Structures are given as structure tokens and as C-alpha cells.
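Any read-out appearing in this document is the output of simple, stated calculations on the displayed coordinates, not a laboratory observation. Not measured: the values here are computed from a predicted model. When we count neighbours, we look across all protein chains shown, and the Cβ atoms used for this are built from the backbone with ideal geometry, even at glycine.
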Amino acid sequence: MSGLFKRQTLDQLCDVPDEIIDVYVVERHIWQGGSVDDEAESKRKRRAEPRTVRDFLIDPVRSLLNDVLRQLAMPYNPSDKTNPIGQGWWIQAEFGTGKSHLLSVVGALALGDKKVWDVVLDLETKNKKGKRESIFNFYENGLARKSSGKSKGIFVAVKTLVGQGGGTIGVTDTGRKLTEYILDAVQDQYHAETGRTISVYPVEVLAGRFEEELDLYYKRLAKFLKDPKYFDDNERVEIEEFLDNLRNSKKPTVRRDCGQKLWDFYRKELKTTPDIPREAEAVLKHVVETLIASGFEGLLLILDEVSLFMKNRTEDQRVEDEKTLVVLSNRLAKTHCLPVWTICSAQQARESKMGVKNIIANDRLRNVSLLQNESNFYDIVLSRVRTLTKPEKIDDYFEDYRKSFTWPDAIGSETFRRFFPFYKPAIDVLRAVSYNLTTLRSAVHFMHQTLKTQRKAKSDELITIWQMFDDVVSYEEDPSGTTAGISAIRTKSSTSGKPTRRAGAPSGRRPRVG
């Protein structure tokens, strides 16, 4: 009887990826990379990162993707002010649950790269999604056209406001406005894609317009730039050098400095204020309209870690930041009917100084909570750590284990197959440990590493908590945006005994049959 159910080893039943990507910084996972040069080339050619999409599970967030992609794919008619296509979203979930990965996927899909959308088609086909169910229909019915040779496609600008990609924005550098970080993101991305600069700040717009008045003010400007009353020795400059920087520099900071000197020239020397819009709404509206005039189909703005950014701001700054979000998602998108889409992600529920209705609403930022369905966690982690290659052979394990334990019959063969080769209570324990000591993201790594180890050992046992515990006690993670230090799970002594097995839990030994 002992040979009745001969179990194949885990390496025969499961494929495991060599590594699992972690998306801490959205900017690094939208465009195809590998190196700084590769990423720069990908931005110029608008090539998205296929792996970002390939390693993503669509079903748990399908309704959100449908909502976002529907808006992105809709045609924009500038003469029709009654049918706005712009929209904003506020996506809230705990750290490590996949917000940044989701944002990276949206950004990658918005680029309209056919190779990445072919990955989507392959995933949806394998999951047996029909044409109406599949998100691929948004590519066929809108995004493909927007990314054709006749159009530059949707302009994707990204800013991680807190963490590895954003330095200490909102932590120690609290002097700048949210609008300024947005302008920088647009400016950097525009230069990366086109090799040219775009005037987004009022002083830069002034610099662009000054050419029309150069002849009128040439001599007065030359004198102003050399005046010790206004500039220190190292700040004074000859007008020809100044004009060369103004006209030819591809560095936004250089042009901005020139624009600031011109602004000072108008105010201090000419005693007038330039007629340049300076309020956030007018400035951001100018940016979107400039992108459209340049051939882009609109602006997709992705802001990661917004709640942590706001948490460290002063009360006045937070009010201004919230006004900026309302300008983007309501004033520009709905009132001015511009093709601008704003996606904000947050770890905490928003604590608004302006009031809930001013930010969260269908005509502003639609509130979306991720992973509210308990089942989604299991679907995501299991799909990321293994692919079952011979699902029909799992029944041998089920029949074998049920001869020695009562729990297989209690959960049923379907649940047994769903969690294979893991023991479900072990995943629950691991989830609780990783959630409280690091993040949910680390649970995926524990499971992945343990499965790789057991495949290499050609094990024919279910994976238990004790096997994963060896990886748990040595794991370290730097949780972007949660603490300044490193959260770690470590053993407190050099030796430790293995806990006694609970009744009914699978042991490390193969159960005897018959």
C-alpha cells in the first residue's frame, strides 16, 4: 500500500521564478531598464517594461484597471466641453500590498507599447478572459490609436514623494509646494523623451517670451546683469553669455535661473510685474495645454506615497497640496475638460484639512481601497511564487496526506490544490508575522525562497511554517517611507529549539499509508 500514491517532487510540479521584483520606486519600473543608459533610451522611444506587467495579477484590481483604462482610452475632443475624459483616483492600501506595482502597471500600459500589451493579451488568454472581459480591449479601442505614429501618445509623469525614489521630500525638505514637484516631474520626463526643455515655471515662461522684447530692453538688461546693487561678484554675467544660456541650455535649472533674473529685472529695474500666470491652476493648465500642443494626447500624473508626504507637511502646506489635487482632478479635468488623469497612492486614509467632499468624490479623486477581499492576498502571493506545471498530480498528495491527517478532508481537495505546495495555516502565520514586523511584501519573499530551497532538495512534502521560519529569522527589508531605519526579524540567540508540532499539522516526514 505504501506505493499506492507515489508523489512527484516539488521541482517536477512547480515552476518558480528566479527572483521576484519589488516595486519600491514607480519611476524605475514603468520604462524598460537594466541600466541607466537602457532606461534613458526606453524613455526616448517610449518602451515600457514587460516584466512589470508580466509579474502582475490583474483580477484583484480588474475593476480599477477597467475604470482607469476606460478613461485613458476615450477620445478627446477639445471642442466638446460637455464630455470630460479626465479623472483622478485616490488609491489606499497598506505598505507592501502592491500599490506601487499597480501604479507602475498603469504607467506602462498608458505608454501604449504594443509589446507590453501583447503580454496583457497572453495573460488574459491564459486566464480565459473573453474579448469583452479582457482589459486588452482598451488597447484595441483607444490606446493603440493614441500611440500610433500620428500621435506621441499619453505623456506619463511620475513622482514618488517619499522613500528611495524621492529622497526626503516632505520629511526635511518641506519648503516646496506639491505643484513644484509635479512641474519638475513633467519637465524631467519631457527632456528625457524629447531631448528638449519645456517651460513650466512662470519664470521659464517669461524667459521664452522675453525674446519679443529683447531689442527694447537689451541695454538696460546688460547694465542690470552687471549691477553690484543686485548681484554678487560670482553672480554677475555678461549679457551675451546670459542670452546663450537662455536660448541654448538644455538644463531646466539654468533656464529657470535665467528666468528668475529676468523676473527680477522686470520688478526691480522696470518697476512692473510680468503678466505671467502664477497661480497653481493657471500654471498647471498651461503645462497640460503645452503638452497637447506638442503632440501628446494628455497628461497621466502618477503620485506615489501622497499620504506620507502630506503627513510631514505644515497645516498650511497641506491645505495648498489638497488644493493642487483638486485643481488637477476637478478644475482641469472637469471644468476645463482637459485630458489630465491623476493617480495618487496612499498608505493611510486621507485626513483632509479641507473636508472629505473637497477631495474625495467621483468628479475629483475617486476613492479606491485595495485588497479588501481576504481571498485576494492568497491569489496574489501564490501566483507570484509558483506556477503549477502538473496540477493533476497534486491529487496524489491530497490522497496521501488524508490517510494520516484529518485536515485535508476538512478543507477539501479544491482548497488543497489552490494552496499547494503550502499548508494554508502556515501562510496565515507567516502573513501575521511579516505584517507586524516588516510588511506583507516580505511574506512573498519568505514563501518564494523556501519553495526554491525545497525544489532544490527535491522534497515531496508540503511546505510548513518551520521551513519558512528559517528564512523569516534572517530576513531584512528597508520599508520605503515607513521608518528611517531598517526593520528586521532576527534570532535573539545562536541556538533555538524547534517548537513541538501542533496536532493535525503536517510534519516534515512523509505520512505512512496503509
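Sort 54-62, 387-395, 226-234 for me by packing, meaning the mean count of neighbouring Cβ atoms within 10 Å per residue, highest on top.
In decreasing order of mean packing, 54-62, 387-395, 226-234 become 54-62, 387-395, 226-234.
Note on K229: lysines with a C-alpha under 18 Å away, same-chain residues under 8 apart excluded, are K219, K261, K268, K271.
For N234 and K115, FRET efficiency with R0 = 60 Å and r from the beta-carbon atoms, rounded to 0.05?
Efficiency computed from Cβ-Cβ geometry: 0.75.
Centre-to-centre separation between the Cα atoms of segment 40-89 and those of segment 177-235: 33 Å. Simple point charges give the picture: +1 on the Cβ of Lys and Arg, -1 on the Cβ of Asp and Glu, and for segment 202-269 a dipole about the Cα centre of about 160 debye. One chain, two ends: S294 and D38. Fully extended at 0.36 nm per residue, the span grows by 89.7 nm beyond their Cα-Cα distance.
I need the trypsin sites (Lys or Arg not before Pro) found in segment 244-333, filtered to DSSP loop residues with at most 13 other beta carbons within 10 Å of theirs.
Within segment 244-333, the qualifying trypsin sites (Lys or Arg not before Pro) (loop, at most 13 other Cβ atoms within 10 Å) are K250, K271, R278.
Here's the list of lysines a cross-link from K129 could span, going by alpha-carbon distance under 23 Å and ignoring same-chain residues fewer than 8 apart: K114, K115, K390. Across all C-alpha atoms in segment 202-269, the radius of gyration and Dmax reach 11.0, 29 Å.
Summing +1 for each Lys or Arg and -1 for each Asp or Glu among the other residues whose beta-carbon sits under 11 angstrom from that of K146 gives +2. Put a dot 7 Å past the Cα of K177, heading toward its Cβ, do the same for D316, and the two dots end up 1.3 nm apart. Under the simplified labelling scheme, the K150-H286 pair shows an inter-label distance of 3.2 nm, with each label point 7 Å from Cα along Cα→Cβ. Full extension of the chain between Y217 and Q260 gives 13.9 nm of extra length, using 0.36 nm per residue less the Cα-Cα distance. Model label sites at I411 and R54, defined 7 Å from Cα along the beta-carbon direction, differ in position by 3.0 nm.
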